[in-house]
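The values are calculated or read from the model by the stated rules, or taken from the named source; none is laboratory data. Computed from a prediction, not measured in an experiment: that's the story for all the values here. A quick note on method: Cβ atoms are made from the backbone with ideal geometry, for glycine too, and the neighbour counts reach across all protein chains shown.
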């Protein structure tokens, strides 16, 4: 396995990409190209959750994918710093696809909570001219091919997680907060999406996923969504591996199937998204 920490070349950034890349073996398939899952932890744009980082990446490796984790800038960094870091990470993976046995048409974002908002920002904005101008790269270099969103922060409206938007934008730019309500940014160019949430989530209400799914439906974008009945916000793998000591509610047998469901969804994605 190629396990490295790569510094991303974004101005004013200390963001890193931690890789968990399987090597090919001559005796099996020396030319195998695997999807890569780029894991983006949550943390309310205040920190990057360890529970939603390496354990998720290793679970995706177990599904036969390449995987990596983005450790991105959080408050006091403001929008679009973390988005530019995600752009850089996707471009890095596509540029090095041959070296790391990655299928360049299977770069999948996997974000949780605020990390889901970051992924969905790129998934909805990848072809906007301001982002192309800001990065100096053509959009097809950093376009993701799909995204897996776990209990994502989506809306800045009635069901918003206010802390995430305060950390991302500050409290003095309501116009930008409105612009980053991502159910309003969905278009026919938004990338295919796998969504999962729990009915009982009190921190980021399930309406965030429902609003995004409804917008995808209206735009004709393919999606799969699973609403599990039980469990608080931040389940991660929903099993013992990511259950905080003394917090048994994070162990939810009905929800721990989500990584396999998401992996099957990735495998079924049409080519050349």
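Checked against the criterion of being over 14 Å from the mean Cα position of the chain (by Cα), in contact (Cβ under 8 Å) with a residue 24 or more places away in the chain and closer than 24 Å to residue 49 by Cβ, the range 144-157 contains one or more residues that satisfy it. Within the range 163-202, being within 25 Å of residue 261 (Cβ to Cβ), crowded, with 20+ Cβ neighbours inside 10 Å and without any contact (Cβ under 8 Å) to a residue 40 or more places away in the chain holds for one residue alone: 183. Scanning the range 102-120 for residues that are surrounded by fewer than 24 Cβ atoms within 10 Å (Cβ to Cβ) and closer than 23 Å to residue 9 by Cβ yields 102, 104.
Taken as a whole, the range 123-137 holds at least one residue that is touching a strand residue (DSSP E or B) at 6+ places or on another chain (Cβ under 9 Å) and closer than 17 Å to residue 84 by Cβ. If only residues of the range 63-76 that are within 13 Å of residue 168 (Cβ to Cβ) and either touching a strand residue (DSSP E or B) at 6+ places or on another chain (Cβ under 7 Å) or in contact (Cβ under 8 Å) with a residue 40 or more places away in the chain (or both) are counted, the one that is surrounded by the most Cβ atoms within 10 Å (Cβ to Cβ) is 72. Screening the candidates 247, 256 for the property of being closer than 20 Å to residue 110 by Cα and surrounded by fewer than 21 Cβ atoms within 10 Å (Cβ to Cβ) yields one hit, 256.
When you scan the range 29-37, do you find a residue that is within 20 Å of residue 104 (Cα to Cα), touching a helix residue (DSSP H, G or I) at 6+ places or on another chain (Cβ under 6 Å) and surrounded by fewer than 20 Cβ atoms within 10 Å (Cβ to Cβ), even just one? No; the residues of the range 29-37 include none that is within 20 Å of residue 104 (Cα to Cα), touching a helix residue (DSSP H, G or I) at 6+ places or on another chain (Cβ under 6 Å) and surrounded by fewer than 20 Cβ atoms within 10 Å (Cβ to Cβ).
Within the range 61-80, the set of residues being more than 13 Å from the chain's Cα centre (by Cα) and within 23 Å of residue 22 (Cβ to Cβ) comprises 61, 62, 63, 64, 65, 66.
Residue count for the range 95-123, restricted to those that are over 16 Å from the mean Cα position of the chain (by Cα) and either assigned to a helix (DSSP H, G or I) or within 15 Å of residue 164 (Cβ to Cβ) (or both): 1. Among residues of the range 43-53 being in contact with a strand residue (DSSP E or B) (Cβ under 6 Å, 6 or more places away or on another chain) and under 17 Å from residue 241 (Cα atoms), the one that is surrounded by the fewest Cβ atoms within 10 Å (Cβ to Cβ) is 53.
Which residue is surrounded by the fewest Cβ atoms within 10 Å (Cβ to Cβ), if the candidates are limited to the range 12-28 and must be more than 19 Å from residue 104 (Cβ to Cβ) and in contact (Cβ under 8 Å) with a residue 24 or more places away in the chain? Looking at residues that are more than 19 Å from residue 104 (Cβ to Cβ) and in contact (Cβ under 8 Å) with a residue 24 or more places away in the chain, I get 12. Provide a single number: the residues in the range 216-244 that are at negative phi, crowded, with 21+ Cβ neighbours inside 10 Å and over 20 Å from the mean Cα position of the chain (by Cα). Number satisfying all stated conditions: 0. Based on this model, can you work out whether residue 91 counts as in a helix (DSSP H, G or I), closer than 26 Å to residue 179 by Cβ and more than 14 Å from the chain's Cα centre (by Cα)? For residue 91, the condition - in a helix (DSSP H, G or I), closer than 26 Å to residue 179 by Cβ and more than 14 Å from the chain's Cα centre (by Cα) - is met.
Considering 160, 139, the condition of being more than 20 Å from residue 234 (Cβ to Cβ), at pLDDT 95 or above and surrounded by 15 or more Cβ atoms within 10 Å (Cβ to Cβ) is satisfied by 139 alone. Could you tell me whether residue 134 is loosely packed, with under 15 Cβ neighbours inside 10 Å and touching a residue at least 40 places away in the same chain (Cβ under 8 Å)? The answer is yes for residue 134.
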